[in-house]
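To keep things clear, I will list the structure first and then write my remarks on it.
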(Lines give C-alpha, C1' and ligand atoms only; values in the text may rest on other atoms or scores of the structure.)
Protein backbone atom coordinates (compact mmCIF):
# COMPACT_ATOMS: atom_id res chain seq x y z
CA UNK A 1 0.00 0.00 0.00
CA UNK A 2 1.40 3.42 -1.00
CA UNK A 3 1.98 5.97 1.75
CA UNK A 4 -0.12 8.55 -0.07
CA UNK A 5 -3.18 6.31 0.21
CA UNK A 6 -3.13 6.15 4.01
CA UNK A 7 -1.68 9.52 5.06
CA UNK A 8 -3.58 12.70 4.26
CA UNK A 9 -1.88 15.99 3.43
CA UNK A 10 -3.15 17.42 6.72
CA UNK A 11 -1.69 14.55 8.77
CA UNK A 12 1.61 14.80 6.91
CA UNK A 13 1.76 18.54 7.62
CA UNK A 14 1.13 18.00 11.34
CA UNK A 15 3.76 15.24 11.56
CA UNK A 16 6.27 17.31 9.61
CA UNK A 17 5.71 20.46 11.68
CA UNK A 18 5.91 18.56 14.98
CA UNK A 19 9.07 16.77 13.82
CA UNK A 20 10.70 20.07 12.88
CA UNK A 21 9.87 21.46 16.33
CA UNK A 22 11.25 18.40 18.11
CA UNK A 23 14.39 18.51 15.95
CA UNK A 24 15.00 22.13 16.91
CA UNK A 25 14.67 21.38 20.62
CA UNK A 26 16.89 18.27 20.56
CA UNK A 27 19.58 19.78 18.34
CA UNK A 28 19.77 22.96 20.43
CA UNK A 29 19.94 21.05 23.71
CA UNK A 30 22.64 18.68 22.47
CA UNK A 31 24.76 21.13 20.48
CA UNK A 32 24.49 24.32 22.51
CA UNK A 33 23.97 22.61 25.85
CA UNK A 34 26.68 19.94 25.66
CA UNK A 35 28.87 19.84 22.55
CA UNK A 36 29.85 23.49 22.00
CA UNK A 37 30.37 24.41 25.69
CA UNK A 38 32.87 21.53 25.92
CA UNK A 39 34.42 21.92 22.45
CA UNK A 40 37.92 22.39 23.85
CA UNK A 41 37.99 18.88 25.35
CA UNK A 42 35.08 16.69 24.28
CA UNK A 43 36.95 13.43 25.08
CA UNK A 44 37.57 14.68 28.61
CA UNK A 45 33.94 15.69 29.08
CA UNK A 46 32.75 12.35 27.68
CA UNK A 47 34.95 10.56 30.22
CA UNK A 48 33.77 12.70 33.15
CA UNK A 49 30.09 12.86 32.16
CA UNK A 50 29.42 9.71 30.12
CA UNK A 51 25.66 9.74 30.72
CA UNK A 52 25.16 13.39 29.80
CA UNK A 53 27.41 13.12 26.76
CA UNK A 54 25.78 9.87 25.69
CA UNK A 55 22.32 11.46 25.92
CA UNK A 56 23.50 14.36 23.76
CA UNK A 57 24.78 11.96 21.10
CA UNK A 58 21.52 9.99 21.29
CA UNK A 59 19.53 13.21 20.86
CA UNK A 60 21.48 14.04 17.70
CA UNK A 61 20.83 10.52 16.39
CA UNK A 62 17.10 11.11 16.89
CA UNK A 63 17.49 14.34 14.92
CA UNK A 64 18.90 12.35 12.00
CA UNK A 65 15.88 10.04 12.10
CA UNK A 66 13.57 13.07 12.18
CA UNK A 67 15.45 14.53 9.20
CA UNK A 68 14.25 11.59 7.14
CA UNK A 69 10.70 11.88 8.54
CA UNK A 70 10.58 15.58 7.59
CA UNK A 71 11.99 14.95 4.11
CA UNK A 72 9.28 12.36 3.52
CA UNK A 73 6.58 14.54 5.08
CA UNK A 74 7.38 17.60 2.95
CA UNK A 75 7.27 15.37 -0.11
CA UNK A 76 3.78 14.23 0.85
CA UNK A 77 2.60 17.78 1.53
CA UNK A 78 4.04 19.60 -1.47
CA UNK A 79 4.77 16.88 -4.02
CA UNK A 80 1.49 17.21 -5.91
CA UNK A 81 2.15 18.16 -9.51
CA UNK A 82 5.90 18.58 -8.93
CA UNK A 83 7.07 15.04 -8.30
CA UNK A 84 10.51 15.33 -9.90
CA UNK A 85 11.42 18.51 -8.01
CA UNK A 86 9.84 17.26 -4.77
CA UNK A 87 11.61 13.91 -4.98
CA UNK A 88 14.98 15.57 -5.60
CA UNK A 89 14.35 17.96 -2.71
CA UNK A 90 13.52 15.10 -0.35
CA UNK A 91 16.50 12.98 -1.29
CA UNK A 92 18.87 15.92 -0.92
CA UNK A 93 17.72 16.27 2.71
CA UNK A 94 18.31 12.55 3.20
CA UNK A 95 21.86 12.92 1.83
CA UNK A 96 22.43 15.78 4.27
CA UNK A 97 21.14 13.55 7.09
CA UNK A 98 23.68 10.90 6.07
CA UNK A 99 26.52 13.44 6.24
CA UNK A 100 25.28 14.63 9.62
CA UNK A 101 25.28 11.01 10.79
CA UNK A 102 28.97 10.77 9.86
CA UNK A 103 29.63 13.90 11.95
CA UNK A 104 27.75 12.41 14.90
CA UNK A 105 29.85 9.26 14.50
CA UNK A 106 32.88 11.34 15.55
CA UNK A 107 31.11 12.11 18.81
CA UNK A 108 29.77 8.60 19.18
CA UNK A 109 33.31 7.22 19.08
CA UNK A 110 34.03 9.20 22.24
CA UNK A 111 31.30 7.44 24.23
CA UNK A 112 32.91 4.90 26.51
CA UNK A 113 36.40 6.14 25.62
CA UNK A 114 36.49 4.19 22.33
CA UNK A 115 38.35 6.97 20.50
CA UNK A 116 41.74 8.47 21.35
CA UNK A 117 41.21 11.61 19.24
CA UNK A 118 43.13 14.59 20.70
CA UNK A 119 41.08 17.00 22.81
CA UNK A 120 40.67 19.88 20.36
CA UNK A 121 40.46 17.75 17.22
CA UNK A 122 37.22 15.94 18.13
CA UNK A 123 35.06 19.05 17.90
CA UNK A 124 36.94 20.28 14.84
CA UNK A 125 36.18 17.04 12.98
CA UNK A 126 32.54 17.09 14.05
CA UNK A 127 32.07 20.75 13.16
CA UNK A 128 33.87 20.46 9.80
CA UNK A 129 31.79 17.53 8.58
CA UNK A 130 28.56 19.12 9.82
CA UNK A 131 29.43 22.46 8.20
CA UNK A 132 30.02 20.71 4.87
CA UNK A 133 26.68 18.97 5.28
CA UNK A 134 24.92 22.26 5.92
CA UNK A 135 25.85 23.26 2.38
CA UNK A 136 23.74 20.35 1.17
CA UNK A 137 20.99 21.40 3.56
CA UNK A 138 21.10 24.91 2.13
CA UNK A 139 20.80 23.51 -1.39
CA UNK A 140 17.81 21.48 -0.19
CA UNK A 141 16.17 24.64 1.15
CA UNK A 142 16.68 26.40 -2.19
CA UNK A 143 14.94 23.53 -3.98
CA UNK A 144 12.21 23.53 -1.33
CA UNK A 145 11.74 27.26 -1.89
CA UNK A 146 11.20 26.61 -5.59
CA UNK A 147 8.74 23.84 -4.72
CA UNK A 148 6.80 26.13 -2.37
CA UNK A 149 6.59 28.85 -5.00
CA UNK A 150 5.15 26.34 -7.46
CA UNK A 151 2.62 25.04 -4.95
CA UNK A 152 -1.02 25.94 -5.48
CA UNK A 153 -1.64 26.52 -1.77
CA UNK A 154 1.63 27.63 -0.13
CA UNK A 155 2.12 31.43 0.00
CA UNK A 156 4.88 32.85 -2.18
CA UNK A 157 6.39 34.76 0.76
CA UNK A 158 6.95 31.45 2.56
CA UNK A 159 9.00 30.17 -0.35
CA UNK A 160 10.99 33.40 -0.37
CA UNK A 161 11.84 33.12 3.33
CA UNK A 162 12.89 29.48 2.97
CA UNK A 163 15.04 30.47 -0.01
CA UNK A 164 16.79 33.16 2.04
CA UNK A 165 17.52 30.56 4.73
CA UNK A 166 18.99 28.30 2.06
CA UNK A 167 21.26 31.06 0.78
CA UNK A 168 22.49 31.61 4.34
CA UNK A 169 23.49 27.98 4.83
CA UNK A 170 25.19 27.75 1.43
CA UNK A 171 27.12 30.95 2.20
CA UNK A 172 28.23 29.58 5.57
CA UNK A 173 29.34 26.29 4.02
CA UNK A 174 31.39 28.18 1.42
CA UNK A 175 32.89 30.40 4.13
CA UNK A 176 33.90 27.36 6.18
CA UNK A 177 35.86 26.09 3.16
CA UNK A 178 37.68 29.31 2.28
CA UNK A 179 38.02 30.70 5.82
CA UNK A 180 37.89 27.89 8.40
CA UNK A 181 37.15 29.10 11.89
CA UNK A 182 35.37 32.27 10.77
CA UNK A 183 33.24 33.51 13.64
CA UNK A 184 30.50 35.15 11.54
CA UNK A 185 27.71 32.98 10.20
CA UNK A 186 24.98 34.23 7.85
CA UNK A 187 22.75 31.29 8.74
CA UNK A 188 22.43 32.59 12.29
CA UNK A 189 20.29 35.41 10.86
CA UNK A 190 18.59 33.80 7.86
CA UNK A 191 17.22 30.69 9.59
CA UNK A 192 13.92 32.52 10.23
CA UNK A 193 12.43 30.89 7.16
CA UNK A 194 12.74 27.47 8.77
CA UNK A 195 10.88 28.64 11.86
CA UNK A 196 8.15 30.25 9.76
CA UNK A 197 7.76 27.04 7.74
CA UNK A 198 7.40 25.04 10.95
CA UNK A 199 4.72 27.38 12.29
CA UNK A 200 2.91 27.56 8.95
CA UNK A 201 2.69 23.77 8.70
CA UNK A 202 1.20 23.42 12.19
CA UNK A 203 -1.19 26.36 11.83
CA UNK A 204 -2.31 25.69 8.26
CA UNK A 205 -2.42 21.88 8.32
CA UNK A 206 -6.16 21.56 8.87
CA UNK A 207 -6.88 24.03 6.05
CA UNK A 208 -4.78 22.33 3.40
CA UNK A 209 -6.65 20.95 0.38
CA UNK A 210 -6.98 17.16 0.20
CA UNK A 211 -4.74 15.31 -2.19
CA UNK A 212 -6.49 14.31 -5.44
CA UNK A 213 -7.36 10.63 -5.63
CA UNK A 214 -5.25 10.34 -8.78
CA UNK A 215 -2.18 11.90 -7.17
CA UNK A 216 0.61 9.41 -6.55
CA UNK A 217 3.28 10.66 -4.17
CA UNK A 218 5.70 7.89 -3.27
CA UNK A 219 8.99 8.71 -1.55
CA UNK A 220 10.94 7.35 -4.51
CA UNK A 221 8.87 9.30 -7.03
CA UNK A 222 10.72 11.78 -9.15
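What number of residues within segment 143-164 are surrounded by fewer than 19 Cβ atoms within 10 Å (Cβ to Cβ) and without any contact (Cβ under 8 Å) to a residue 60 or more places away in the chain?
The qualifying residues number 7.
When residue 79 is evaluated against the numbered criteria (1) free of Cβ contacts under 8 Å to residues at least 24 places away in the same chain; (2) buried (at least 16 other Cβ atoms within 10 Å of the Cβ); (3) over 15 Å from residue 137 (Cα atoms); (4) within 21 Å of the chain's Cα centre (by Cα), which criterion, by number, is the only one it fails?
Here residue 79 clears every test but (1).
Residues in segment 102-126 that are without any contact (Cβ under 8 Å) to a residue 40 or more places away in the chain, crowded, with 17+ Cβ neighbours inside 10 Å and within 14 Å of residue 60 (Cβ to Cβ): how many?
3
Among 25, 15, 51, 34, which is the only one that is assigned to a helix (DSSP H, G or I) and closer than 18 Å to residue 93 by Cα?
Numbers: 25 fails: closer than 18 Å to residue 93 by Cα; 51 fails: closer than 18 Å to residue 93 by Cα; 34 fails: closer than 18 Å to residue 93 by Cα.
The match here is 15.
Hey, among the residues in segment 103-131 that are within 14 Å of the chain's Cα centre (by Cα) and at pLDDT 85 or above, which one's nearest to residue 77 (Cα to Cα)? Let's see the steps before the verdict.
Residues of segment 103-131 that are within 14 Å of the chain's Cα centre (by Cα), as a first pass: 103-104, 130-131.
The next check asks that each one be at pLDDT 85 or above; those that pass are 103-104, 130.
Numbers: 103: 29, 104: 29, 130: 27 Å.
Selected residue: 130.
The values are calculated or read from the model by the stated rules, or taken from the named source; none is laboratory data. Note that this is a predicted model, so its numbers are computed, not measured. Every residue, glycine among them, receives a Cβ derived from its backbone with ideal geometry; neighbour counts consider all protein chains shown.
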